[in-house]
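Enquirer: Sending over a structure as structure tokens; questions will come in a sec.
Bear in mind these aren't lab numbers, they're just calculated from the coordinates by the rules spelled out. Computed from a predicted model, the values in this text were never measured in an experiment. Here Cβ is always computed from backbone atoms with ideal geometry, including for glycine, and neighbour counts include all displayed protein chains.
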Amino acid sequence: MYGALLGDMIGAPYEFDQGDKTKNFEMFNRGVHFTDDSVMTIAVADALLDVAADATDEEIRKGLVKSMQKWGHRYPDAGYGGRFYGWLFYNQDPKPYGSFGNGSAMRVSSVGWLYNTLDETRRMARLSADVSHNHPEGIKGAESVAAATFLARFGASKEAIKAYVVNTFGYDLSRTCDEIRPTYHHVESCQETVPEAFAAFFEGTDFEDVIRTAVSLGGDCDTLTCIAGGMAEAYYGVPEEFVRECRARLPKDFLEVVDRFEQARQKK
């Protein structure tokens, strides 16, 4: 989960096409901070860590909604999208609203670590998306990212991960980052964020290079880099100096969830 949190924070200063689309930037500058991507990543992890082994899908959904609303109310100014803001704050019993926004994919990183089968990973990713982003593209975004994280965690090659994602989810992952970068712009759909995050992950040569590559694409790059960073952590691990920088920028209640997640992850 450190990878996703770092991706969000490092990408945040360049969101809304504010960067100059280069890999050469100060990694931990003054603008580095967590956004709604990190808040909801924490919320999903917090909910799933409390799921009983025999919980039904409906019980899991209710736990996810409760956790997302709890964390949203703790951090109301984190930069949520308009419809999701209403879902968080103006409805005691919120329903999914057919969104294919990239929020479903940016909050799913913990799912790839918490389960020991690909089927269960995909089921939980689907549930984490379905509570709000229940459009097929929203669900596909979450499932594909969680599945790739799971496969990387168990040592699959990038070639095998790419083949699985293309064959299972139908994404076109043929474009290189050099092909994407010149015309890519800020867009908040899964369809135009998840493939780009995969491109950065597949082309990056280590954790830091994945982060730099994702930021260099521009667009909604806190979310794009959050997604890519989560997968990169599973494939490469996260350098200790990056972990320290991440922890230094997180509030105490975030760190409590992160530490609980790390303990659960190490038992898998």
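Enquirer: Around Val210, what is the net charge, scoring Lys/Arg as +1 and Asp/Glu as -1 over all other residues with Cβ under 13 Å from its Cβ?
Expert: The answer is -3.
Enquirer: Please say if the range 2-266 is rounded, prolate or oblate, where rounded means a/c under 1.5 for a ≥ b ≥ c the square roots of the C-alpha gyration tensor eigenvalues, and otherwise the choice is prolate for a/b larger than b/c and oblate otherwise?
Expert: rounded
Enquirer: If amide H atoms are built 1.01 Å from N in the plane of the peptide, which residues on other chains or at least 5 residues away come under 5 Å of the amide H of Ser189?
Expert: When sequence neighbours closer than 5 places are left aside, the close amide H contacts are Asn102.
Enquirer: Within 10 Å, count the other beta carbons around each residue, average over each peptide in 166-172, 45-51, and list them highest first.
Expert: Ranked from most to least packed, the peptides come out as 45-51, 166-172.
Enquirer: What FRET efficiency do you get for Lys21 and Glu59 if R0 is 41 Å and r is their Cβ-Cβ distance, rounded to the nearest 0.05?
Expert: Calculated transfer efficiency: 0.40.
Enquirer: A further question on this structure: Where Lys and Arg each count +1 and Asp and Glu each count -1, what net charge lies around Ala125 among other residues with Cβ under 14 Å from its Cβ?
Expert: Here the count lands on +1.
Enquirer: Are any of the pairs Lys21/Lys70; Lys23/Lys158; Lys162/Lys268; Lys21/Lys162; Lys162/Lys267 more than 31 Å apart by Cα-Cα distance, and if so, which?
Expert: From the list (Lys21/Lys70; Lys23/Lys158; Lys162/Lys268; Lys21/Lys162; Lys162/Lys267), the Cα-Cα distance tops 31 Å for Lys21/Lys70.
Enquirer: Sticking with this one: Taking the Cα centre of the chain as origin, sum charge times position over the Cβ atoms of Lys and Arg (+1) and Asp and Glu (-1), and report the length of that vector in debye to the nearest 20.
Expert: Dipole about the Cα centre, nearest 20: 460 debye.
Enquirer: Give the distance, in whole Å, between the Cα centre of the range 138-215 and the Cα centre of the range 1-32.
Expert: That distance is 17 Å.
Enquirer: Among 5-13, 74-82, 105-113, 210-218, how do they line up from the highest to the lowest mean number of other beta-carbon atoms within 10 Å?
Expert: The most tightly packed comes first, giving 105-113, 5-13, 210-218, 74-82.
Enquirer: Same structure again: Within the range 100-117, list the residues whose amide N lies under 18 Å from a label point set 7 Å along Cα→Cβ of Gln263.
Expert: 114-115
Enquirer: Please rank His185, His135, fewest neighbouring Cβ atoms within 10 Å first, as an exposure proxy.
Expert: By the 10 Å Cβ count, ascending: His185, His135.
Enquirer: For the chain, which DSSP H helices look membrane-span-like by this rule: Cα extent along the axis of 24 Å or more and mean Kyte-Doolittle of at least -0.5?
Expert: 136-153
Enquirer: Below 8 Å between Cα atoms, with a sequence gap of 6+, how large is the relative contact order for the range 2-266 in percent?
Expert: Averaging sequence separation for qualifying contacts and normalising by length gives 31 percent for the range 2-266.
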